[in-house]
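The values are calculated or read from the model by the stated rules, or taken from the named source; none is laboratory data. As the structure is a computational prediction, the values presented were derived from the model and not from experiment. Neighbour counts run over all protein chains shown; Cβ positions are idealised from the backbone, glycine included. Remember, those area values only see protein heavy atoms, side chains included, never the ligands or the DNA or RNA. Shrake-Rupley method; radii C 1.70, N 1.55, O 1.52, S 1.80 Å.
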Amino acid sequence: MRLQFPAGVAGAGCPGADQTLARGPERDFWETKMTARALRLATGKLLELPAALGRLNRACRTFQTFAEVLRLPTRQMMKLAFPLQELQRQLTPDSRLHLHVKTFDPSLEDISKAESVFMTTGRNRIEYVSSAVRLDHAPDLSHPEVCFIGRSNVGKSSLIKALFSLAPEVEVRVSKKPGHTKKMNFFKVGKYFTVVDMPGYGYRAPEDFVDMVETYLKERRNLMRTFLLVDSVVGIQKTDSIAIGMCEEFALPYVMVLTKIDKSSKGHLLKQVLQIQKFVDSETQGCFPQLFPVSSVTYSGIHLLRCFIANITGNLKTDGL
Ligand code: GDP
């Protein structure tokens, strides 16, 4: 039998590592030495593991609660809490005026308070109610309602899941394939309001999408605000313009949420944000002037959005609006 030292591993640097040895004292000596060396290497790797896991953990941590965000160094905390303000810092004083970062400007305390609305407790149940393909099948709920619309794959279900992360028992399905949400899904947020996840438009949209969504937007009496999601990586697409046109035509108050902000470089994101802001300022009437950039991965902007929803549904008074 011949003993082969794998190149570059335990045998590296041993005399005769690239050779084969016949069984005997010399081979026993090198086998023992090699095992000791492999053990040392393995132990070294094991000792490095907690540090590597720590790094991974930090990278994957999502800061779902605002208390966690508040414990971060100021700069990081501000970036997670107010991503638009953080982007604005990159601009020259002139162009800063164009981003309406202070239209909704709650305090950190307001943002903390809003969290209780989205948290499951004995007295606050957050739950899926039902799905509907037609408005007359929608549940008869008298609370204020907010709905989320956007192209398939824009990150709508992920966003709703992130907003509900403090109620992990609520099942919001996130698809790997576009076109997953084909119905209007209704979620009750305690005694406060209802969230509606609308079917995605564009690729693989259900045939009766326009009927379903148009009728809902036009006729749902307790609809307080429509959140129109735009993918920050690609900006406003043709199909987004159709949805924007619908909101404008029905004179709905709506808000533009820019999703997946973790995916772009700062420069690219800033370019998209400025373009979208310009569009909102010059082409829309009913759109809230301030954009809401979010990431459902890092939770950047999620806490501010929770606070905004709590505020516009009449469940939280803030100094900022
Ligand atoms: P929907 O069709 O609009 O409901 O979109 P989904 O929520 O199902 O998301 C579509 C894809 O985008 C999924 O693969 C998500 O994991 C991904 N995605 C959603 N939100 C984000 C985000 O904030 N950041 C990143 N990096 N990926 C996201």
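Do you know which of the residues in region 129-156 that are closer than 22 Å to Tyr201 by Cβ and hydroxyl-bearing (Ser, Thr, Tyr) is nearest to the ligand (Cβ to nearest atom)?
Checked region 129-156; the qualifying residue nearest to the ligand (Cβ to nearest atom) is Ser152.
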Subject >> Hits in region 294-321 - residues which are assigned to a helix (DSSP H, G or I) and among the aliphatic types (A, V, I, L, M) >> reply: Ile302, Leu304, Leu305, Ile309, Ala310, Ile312
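Got a number for residues in region 249-259 being outside any loop (DSSP other than H, G, I, E, B) and open to solvent by 50 Å² or more (accessible area, probe 1.4 Å)?
Number satisfying all stated conditions: 1.
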Original post:
Just a yes or no: is a residue in region 217-228 open to solvent by 10 Å² or more (accessible area, probe 1.4 Å) and part of a helix (DSSP H, G or I)?
Top reply: yes
Subject >> region 91-106, residues that are of a type in the set (S, T, N, Q) and out of contact with any helix residue (DSSP H, G or I) (no Cβ under 9 Å at 6 or more places or on another chain) >> reply: Thr92, Thr103
Original post:
Which condition breaks for Asp262 when tested against (1) assigned to a helix (DSSP H, G or I); (2) in contact (Cβ under 8 Å) with a residue 40 or more places away in the chain; (3) within 16 Å of the ligand (Cβ to nearest atom)?
Top reply: (2)
Original post:
In region 173-198, which residue that is within 13 Å of the ligand (Cβ to nearest atom), under 18 Å from Pro139 (Cα atoms) and assigned to a loop (DSSP other than H, G, I, E, B) is modelled with the highest pLDDT?
Top reply: Met198
Subject >> Cβ-Cβ under 7 Å pairs, at least 6 apart or on other chains, region 138-161 side among the hydrophobic types (A, V, I, L, M, F, W, C), far side more than 10 Å from the ligand (Cβ to nearest atom) and part of a helix (DSSP H, G or I) >> reply: Val146/Ile309; Ile149/Val213; Ile149/Ala243
Subject >> Selection from region 116-157 of residues that are at pLDDT 95 or above and of a type in the set (Asp, Glu) >> reply: Glu145
Original post:
Among the listed residues Leu84, Leu72, which satisfies the condition of being of a type outside the set (Ser, Thr, Tyr), outside any loop (DSSP other than H, G, I, E, B) and at pLDDT 90 or above?
Top reply: Leu84
**OP:** Look through region 265-293, keep the residues that are buried (at least 18 other Cβ atoms within 10 Å of the Cβ) and not in a helix (DSSP H, G or I), and return whichever of them is nearest to the ligand (Cβ to nearest atom).
**Re:** Pro293
Original post:
Val117 versus (1) within 16 Å of the ligand (Cβ to nearest atom); (2) β-branched (Val, Ile, Thr); (3) under 20 Å from Leu316 (Cβ atoms): which is the lone unmet condition?
Top reply: (1)
